[in-house]
Each structure stands twice: as structure tokens, then as C-alpha cells.
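For reference, the structure is listed below as C-alpha cells.
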Amino acid sequence: MSRVPILDTADRLRQTMPEDFGDGVLTSIFDDAARIARGSVSSPTDLAASRRPSLDQVLDRALTHRVWGFLVMGALFFAVFWFTIAGAALPSGLLYVVLVDGGHTVLRDGFEVLGAPWWITGLLIDGVYLSTAWVVAVMLPPMAIFFPIFTLLEDFGYLPRVAFNLDRLFAGAGAHGKQSLTMMMGYGCNAAGVTATRIIDSPRERLIAVITNNFSVCNGRWPTLILMGTVFIGSLAPPALAGVLAAGSVVLVAVLGIVTTLAVSWLLSHTLLRGETSLYSLELPPYRPPQVWRTIHTSLVDRTLKVLRRALVMAAPAGAVVWLLGNVEVGGEQLAGHLVTGLDPVGWVLGINGIILLAYLVAIPANEIVIPTVLMLTLTLNHPASDAAAGVMLDMGDAEAGTVLVGVGGWTLLTAVNLMLFCLLHNPCSTTMLTIWRETGSLKWTLIATFLPLSLACVTTAATAALWRYV
């Protein structure tokens with residue numbers, strides 16, 4: 001095609017276009033230039049908008065602040081503990097009525113109707129059944145509340161912020177920041193806390209977390225601490241302030257557990273588990289709405305029921321042992337009496353007594369049965385004329401239990417204080433020991449995780465008792 005026809009065609013087509021076609025092309029070019037400029041240059045208006053923090057940034061400024069972060073963390077976990085304890089009271093009471101009061105009576109009557117020997121009825125119903133029913137009534141409701149709440153906080157994205165806040169403290173102790181998360185899990189159940197240490201990659205730091213998880217006060221120890229705080233510590237204040245002082249004493253024990261965790265972690269990281277602290281790169285996830293029903297289902301199946309099953313396996317033999325101690329006689333006296341007499345000198349050195357030591361020996365499978373066993377032994381050994389049946393664990397209100405412990409058992413304020421310390425520091429329960437052995441695969445570390453806290457408990461209570469008596 002020659003040049004002339006092309007120019008003629010272009011001229012004809014140009015005449016068919018709108019008159020402002022050229023303006024449109026020019027405007028489009030300037031619009032593209034303005035878009036590119038806005039993406040590379042900030043105006044004062046854009047800077048003001050960029051300074052407006054997002055919701056995630058506002059939350060992070062509060063939850064990871066050097067001061068406010070710890071205050072919010074303390075208030076939040078206090079609320080979780082309070083809700084767990086208060087919320088579990090009603091279902092625990094209902095389970096107690098159904099399983100302990102009703103179930104025990106029905107089963108006992110049934111065995112008697114069938115003509116079962118008294119010792120079969122006593123061993124199976126008064127011992128094995130009663131102890132397992134007790135553990136279910138005490139452990140199941142708090143775990144069913146605590147674990148879902150804890151998992152919801154994790155889903156929301158708060159627990160990584162807790163690890164961020166506590167990382168400096170644990171790094172100073174030669175441990176891993178994620179140990180704070182396993183420590184928090186230990187407040188529900190130490191066995192679950194030990195399992196949770198799988199989130200720590202370093203074997204050295206994971207062992208530190210496993211060994212020190214025992215210093216988190218688990219569900220089974222709260223009843224003992226609350227009873228001692230209410231009956232003995234709260235009574236030191238006027239009635240209007242008794243509850244505050246009692247609650248303060250329990251919180252003080254929990255804080256002492258955190259301090260002990262850091263101190264023992266530092267000791268282990270500078271002796272048996274010496275090594276470099278691993279680099280900890282923590283990416284804070286965005287906050288997101290938790291999936292409530294999925295979380296509740298997962299918590300109940302994967303955590304609550306598994307831990308409860310392990311506790312029941314351990315509690316059943318303990319109930320049989322308690323019954324046998326109260327009903328087997330040697331030389332005309334109950335076997336429990338002989339053991340208490342032998343343990344009393346050791347108990348005096350530790351500022352407690354032989355009954356408490358015997359109760360802790362038989363309650364190794366489950367801390368929940370310590371106080372019922374103490375009450376049973378105190379009444380049957382020190383007050384034979386009481387209505388308490390030998391080998392049958394007892395439950396009483398705080399006031400009645402205080403009367404028994406002080407009036408019959410001869411307990412003092414030193415006994416209560418040292419029992420609280422012993423309750424915090426003593427060896428882990430057998431469920432936790434079994435979990436430690438399965439997680440570490442080592443008899444050596446299982447024994448260290450068992451006897452290190454027990455040694456610390458004995459040294460601390462003996463020193464407290466000696467200082468108390470000296471002053």
C-alpha cells in the first residue's frame with residue numbers, strides 16, 4: 001500500500017472520533033502519573049492516616065508493654081483461675097453428691113445385699129471406688145473449664161504475647177521463653193504441662209521445663225492451699241479482712257512457685273544442664289477470633305479426658321492402700337498407726353507431722369486425696385471415739401475441718417505454713433512422673449524430676465521450722 005492511501009484512511013478515521021479524544025488520552029496519562037506519585041511520595045494527609053494504629057497494634061502496645069503487659073497478664077490469669085475455681089464449685093458439688101454420696105451408698109448397699117465379705121466391700125467400695133470417685137469429682141470440672149479457656153487464649157493469639165513478656169526472665173535463668181507457656185499449662189495439670197514442653201525444640205531447655213513444671217500449682221493442690229489459707233492464715237485478720245488475707249496467702253504461694261521455677265531453672269542451666277541458650281525467634285501471630293466449639297471439643301478430648309484417665313489409673317490403687325492402712329492391724333494396732341509413729345520424728349523436723357507425711361505417701365497417685373486422708377487418719381488415730389470409719393476418706397466444710405485439725409490433730413500456724421510450702425514444692429504425682437518418663441524416655445531424668453523438688457521441699461520446711469522455733 002502506498003503512503004497516500006494510508007494518510008487518507010487515517011484522516012477519515014480521525015474525523016469519526018470524538019472531538020475530545022485527544023484530551024481523554026492526555027487525562028489518562030496524567031492519571032497514571034498521579035497514581036504512581038501517590039504510591040511513592042507521602043503527603044501530610046497520608047502521613048497522618050498512616051500514624052493511625054491498627055487494632056492489632058493497639059493491643060500489642062498494651063499486652064507486650066514492659067509494665068502494662070505484666071499487669072494485664074496478672075489480671076487475666078487471675079480471672080482465669082478465679083473463673084476456674086468458682087465455676088468448678090457447682091459441678092464438683094453435683095458430681096460429689098452423685099458419685100461419692102449417692103454412688104458410694106448404693107454400691108455399698110448392693111454389695112451387702114449380695115452377701116459380699118466385709119473386706120471385699122471395704123477394699124473395692126470404701127477404698128478403690130471412693131478414691132476414684134473423689135478424683136473425678138475434684139479434677140474433672142476444673143480441667144473441663146481451664147483447658148478450653150487456655151486454648152481459647154492460645155487461638156486468640158495471646159499466649160505468644162505471654163511468652164514474649166516472660167522471655168527476658170527465662171532467658172536470664174538460662175531457659176527458653178516458651179517455658180512460660182508450659183508453666184501456665186501446669187497450673188491446670190502438671191502432666192499436661194510436661195506434655196506441652198514438646199513445643200520447645202532444644203532438648204536441654206525442654207528438660208529444664210520438664211523438671212521445673214512441678215512448681216506450678218496444679219488442680220489437685222489448690223484445695224489444700226485454700227483450706228490452710230482459710231482456716232489458719234485468714235483467722236489472723238479481723239473477719240472483714242479474713243477472706244482477703246486468705247486469698248493473698250494462696251496467691252503468694254503461687255508467686256513463690258514462679259520464683260522457684262526461675263531459680264531452679266537457673267541452677268540447672270549452670271550445673272547439670274549447662275549450655276547456651278538457644279536463639280528464640282518469635283513471630284507474633286495476628287489476633288483472630290477463636291473457634292469456640294472446635295476448641296472446646298479438642299480440649300476435652302485431647303487434654304481433659306486423657307489426663308483424667310491417667311489420674312484414675314493411679315488413684316484406684318491409692319484408695320486400696322488407704323483402706324488397707326486403716327484396717328490391717330499389726331500387734332493390735334492399725335498399720336497406719338505404726339507408720340505415723342515412725343514418721344512423726346521426721347514430721348517434727350519438717351514442722352508438720354507423721355499423719356501429713358503418711359497422707360502424702362499414699363496420695364502420690366493423686367494430690368486430691370491428701371486432705372480427705374489427713375482428716376480420716378486424724379480422727380481414727382487421734383480420736384477413736386469419733387464416727388469416722390477406718391480407711392474411709394472424709395470430706396468436711398472448712399470450719400469443721402479446722403476444728404478437727406486444731407482440736408484433735410493439734411495443728412498450729414507453723415503446721416499450716418509448712419504444709420503450704422510442702423504442698424508447693426514436694427515431688428510430682430505419679431501421673432506426672434509417668435508422663436515425664438514417657439516424654440524423656442530416661443529413668444535418670446525422671447528420678448531427678450522427682451527427688452529434686454522433694455529435697456527442696458524438705459530443706460525449705462526444715463529451715464522454716466528451725467527458724468520459727470528459734471524466734
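The values are calculated or read from the model by the stated rules, or taken from the named source; none is laboratory data. Values in this document were obtained by computation on a predicted structure and should not be read as measured data. Quick reminder, even Gly has a Cβ in these numbers, built from the backbone with ideal geometry, and neighbours come from all protein chains shown. Protein only, heavy atoms only, side chains kept; ligands, DNA and RNA dropped before computing areas. Shrake-Rupley method; radii C 1.70, N 1.55, O 1.52, S 1.80 Å.
Table: residues versus (1) open to solvent by 40 Å² or more (accessible area, probe 1.4 Å); (2) over 19 Å from Val259 (Cβ atoms); (3) within 20 Å of the chain's Cα centre (by Cα).
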| position | (1), (2), (3) |
| --- | --- |
| Thr403 | yes, yes, no |
| Trp411 | no, yes, no |
| Leu425 | no, no, yes |
| Ile436 | no, yes, yes |
| Leu454 | yes, no, yes |
| Ala462 | no, yes, no |
| Ala466 | yes, yes, no |
| Val471 | yes, yes, no |
Checking Gly127, Gly103 in turn, the sole residue that is of a type in the set (Gly, Ala, Ser), over 30 Å from Pro148 (Cβ atoms) and in a helix (DSSP H, G or I) turns out to be Gly127
Condition broken by Gly220, with the remaining ones in (1) out of contact with any Phe, Trp or Tyr (no Cβ under 7 Å at 6 or more places or on another chain); (2) surrounded by 23 or more Cβ atoms within 10 Å (Cβ to Cβ); (3) at pLDDT 80 or above satisfied | (3)
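Within region 164-173, can you find the residues that are surrounded by fewer than 21 Cβ atoms within 10 Å (Cβ to Cβ) and either within 14 Å of the chain's Cα centre (by Cα) or touching a residue at least 40 places away in the same chain (Cβ under 8 Å) (or both)? So that I can check it myself, show each step before the final result.
Taking region 164-173 as the starting set, the residues that turn out to be surrounded by fewer than 21 Cβ atoms within 10 Å (Cβ to Cβ) are 164-165, 167-169, 171-172.
Matches in region 164-173: Phe164, Asn165, Asp167, Leu169, Ala171, Gly172.
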Subset of region 151-163 [of a type in the set (Asp, Glu) and open to solvent by 40 Å² or more (accessible area, probe 1.4 Å)] | Glu154
Scan region 351-376 residue by residue and report those that are among the hydrophobic types (A, V, I, L, M, F, W, C) and outside any helix (DSSP H, G or I).
-> Ile352, Ala363, Ile364, Ala366
Report yes if some residue within region 134-150 is open to solvent by less than 30 Å² (accessible area, probe 1.4 Å), closer than 24 Å to Trp293 by Cα and modelled with pLDDT of 80 or more; otherwise report no.
-> yes
Note on region 440-450: residues touching a residue at least 60 places away in the same chain (Cβ under 8 Å) and surrounded by 20 or more Cβ atoms within 10 Å (Cβ to Cβ) are Thr440, Ala449
Does region 107-115 include one or more residues that are in a helix (DSSP H, G or I), at pLDDT below 85 and either among the hydrophobic types (A, V, I, L, M, F, W, C) or surrounded by 13 or more Cβ atoms within 10 Å (Cβ to Cβ) (or both)?
-> no
When you scan region 235-249, how many residues do you find that are surrounded by fewer than 23 Cβ atoms within 10 Å (Cβ to Cβ) and touching a helix residue (DSSP H, G or I) at 6+ places or on another chain (Cβ under 6 Å)?
-> 4
Of the residues Ile125, Ile120, which single one is out of contact with any Cys (no Cβ under 9 Å at 6 or more places or on another chain), within 24 Å of Ala316 (Cα to Cα) and open to solvent by 40 Å² or more (accessible area, probe 1.4 Å)?
-> Ile120
Within the bounds of region 446-464, is there any residue that is touching a helix residue (DSSP H, G or I) at 6+ places or on another chain (Cβ under 8 Å), aromatic (Phe, Trp, Tyr) and on the phi < 0 side of the Ramachandran plot?
-> no
Search result, residues across region 356-365 that are farther than 19 Å from Ala320 by Cβ and open to solvent by 10 Å² or more (accessible area, probe 1.4 Å) | Leu357
Could you please tell me which pairs satisfy a Cβ distance under 9 Å, a separation of 6+ or placement on different chains, a first residue in region 414-425 that is farther than 11 Å from Thr464 by Cα, and a second residue that is open to solvent by 10 Å² or more (accessible area, probe 1.4 Å) and among the small types (Gly, Ala, Ser)?
-> Met420/Ser249; Leu424/Ala254
